[in-house]
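Written out below as structure tokens is the structure these notes cover.
The values are calculated or read from the model by the stated rules, or taken from the named source; none is laboratory data. These figures come from a predicted structure and were not determined experimentally. Every residue, glycine among them, receives a Cβ derived from its backbone with ideal geometry; neighbour counts consider all protein chains shown. Side chains are part of the model used for accessible areas, which takes the heavy atoms of the whole protein and leaves out ligands, DNA and RNA. Shrake-Rupley method; radii C 1.70, N 1.55, O 1.52, S 1.80 Å.
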Amino acid sequence: MKSSHSRAAVFAAFDDPNLLAHGGVAAAVRLAERCALPELMREKVRLAGAGNGAGAAPDAKAMSLVAGMLVGADSIDDVGVLRHGAMAKAFAGVRAPSTLGSFLRAFTWGHVRQLESAARAFTCNLAEHCSLLPGGDQVVYLDIDSKVKQVYGAAKQGAEHGYTKVKGLHFQLVTASTPLAAPVIVASRLRKGSAGSAKGAAHLIAEALAQVRAMGATGMVVVRADSAFFSHKVVAVCRRAKARFSLAVAQRKKVRQAIAAIPEDAWTPVQYPKAIWDADEQRWISDAEVAEVEYTAFTGKAKKYHTTARLLIRRVKRLNDAHVPDGQGELFKTWRFHAVFTDSPFELVEAEKCHRAHAIVEQVFADLEDSALGHLPSGKFTANAAWLTLATLAHNLTRALGALASAFHARARTGTIRRHLIAVPARLAVRGRTQTFHLPERWPWQDAFETLWTAVGCRLRT
């Protein structure tokens, strides 16, 4: 690829009022309207007493923020990207970044909870309209995890050093996925930076379990988490909601004793990186093996919290020779052990593999940091909490756009959906009472875009 003209013959001018950099926003806004996002914002988010009109028109302001996040805005000023070219012709009520900043800073914690309520109702509408959780009548996996988002500056409310030794704000997410569906966010919560990973986890899981049922999932629900969330409160919430749990367990003395009691012939090789299938013996030759024993957890708590279930153990052969003293060989194999406490009905190998799939939540963190959570943009804690809630809402809306467009985009990363379906340059032509978005010829994902465009109720010119 090279330039087609010499430098002296190439010019640039910002002078076309009919261009849009993100023509796919029109489909996204239409889908948000069909799923009643503006109405939910007007009904549920009421910023009473906010000065300078900051609480007025919450529907227009929330829609502006969500649209900005859809195109990749990760700060309040970045939402100004919506105010270029023909955007004012294509959309009404686009607000300036300064207005949106005042709107976010007007939030109290109660208003954040109102916004979360609107986001939950909107996600239910998306699920009904777009089939966000196909396969939810069989099994749904809820994955909870937390992340410290690094921030800078002494004025950032709630920013403290936590277990990562990084100054930041600490947020929790719960995602829902199925074997057929990419994860969507069903609950989120922003906490101060020094908060423990599991602080408030049981309450957030309870909200997520209610949400996933409201989205129409009728199948078995399995809650998965790492060892930071292994607690009697989490298990009790799962049991009350008739959900299954699959929780990693730290290597405490009692767990190590249970592992040591497993006979050598009880271990089963599993498919793992570099594993080889032996067709003659019908088994895996692998550096990883699994076994299980019955285990009673939380015996140090009140008797009502004592829980007996399966303890799954995966052992992986140590391949790093750094633990072997110089000049000495290894007389016998040494292993690393990973324990999971679960009441999953799946057989051993499948249950252990199912728990490892909990890592899918890391992809959601990556998607968020690639867009709206590149920053937590305000100095005010509740403004950042509202920003987080809107970011999760924008993530789910992007997922819905992908689900409507094609089978590929239904499972693609949100950044891929943004590049293929939202960041489509367009020229707007207005004639009479109609608008036509003229899009590039030979767009590689034209078929998916046209499927999305018609699915949200818009028409194509032929």
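A few remarks follow.
- Mean Cα-pair separation over length for region 347-462, i.e. relative contact order, pairs under 8 Å, 6 or more apart, %: 17
- The mean sequence separation of alpha-carbon pairs under 8 Å and at least six residues apart, normalised by the residue count of the chain, gives a relative contact order of 20 percent.
- DSSP bridge orientation in the chain - percent antiparallel, rounded to nearest 5: 85
- Ranked from largest to smallest solvent-accessible area, with a 1.4 Å probe on the protein heavy atoms, Cys238, Cys458 come out as Cys458, Cys238.
- Quarter of Cα convex hull surface for region 172-270, i.e. mean projection, nm²: 8.7
- Helical segments meeting 24 Å axial Cα length and Kyte-Doolittle -0.5 threshold in the chain (DSSP H): 109-130, 381-405
- Cα Rg, Dmax, the chain, angstrom units: 25.5, 86
- Averaged over its residues, the chain has an accessible area of 49 Å² per residue, based on protein heavy atoms and a 1.4 Å probe.
- Between amide H atoms placed 1.01 Å from N, distances below 5 Å from Val223 occur with Leu142, Arg244, Phe245, Ser246, all of them 5 or more places distant or on a separate chain.
- Positive-end ranking of Phe107, Pro377, Val184 along the dipole of the chain, with charges on Cβ about the Cα centre, is headed by Phe107.
- The lysines within cross-link reach of Lys304, meaning a Cα-to-Cα straight distance under 16 Å and a gap of 8 or more places when in the same chain, are Lys233.
- Percent accessible area from carbon and sulfur atoms, the chain, protein chains only, probe 1.4 Å: 51
- Relative packing of 264-271, 195-202, 243-250, which averages over residues the other C-beta atoms within 10 Å, highest first: 243-250, 195-202, 264-271
- Two-decimal log10 I(q)/I(0) for region 138-192, as the Debye equation yields it once each C-alpha is a single scatterer, q = 0.16, 0.23 Å⁻¹: -0.56, -0.82
- Dipole magnitude (debye, nearest 20) for the chain, charges at Cβ of Lys, Arg, Asp, Glu: 1520
- Projecting the alpha carbon convex hull of region 1-128 along each direction and taking the average yields 10.8 nm².
- The heavy atoms of His84 present about 50 square angstrom of accessible area, all protein chains included, probe 1.4 Å.
- Region 243-250 - phi-based ³J(HN,Hα) in whole Hz, Karplus 6.51/-1.76/1.60, Gly and Pro as x: 9, 8, 10, 8, 10, 5, 10, 5
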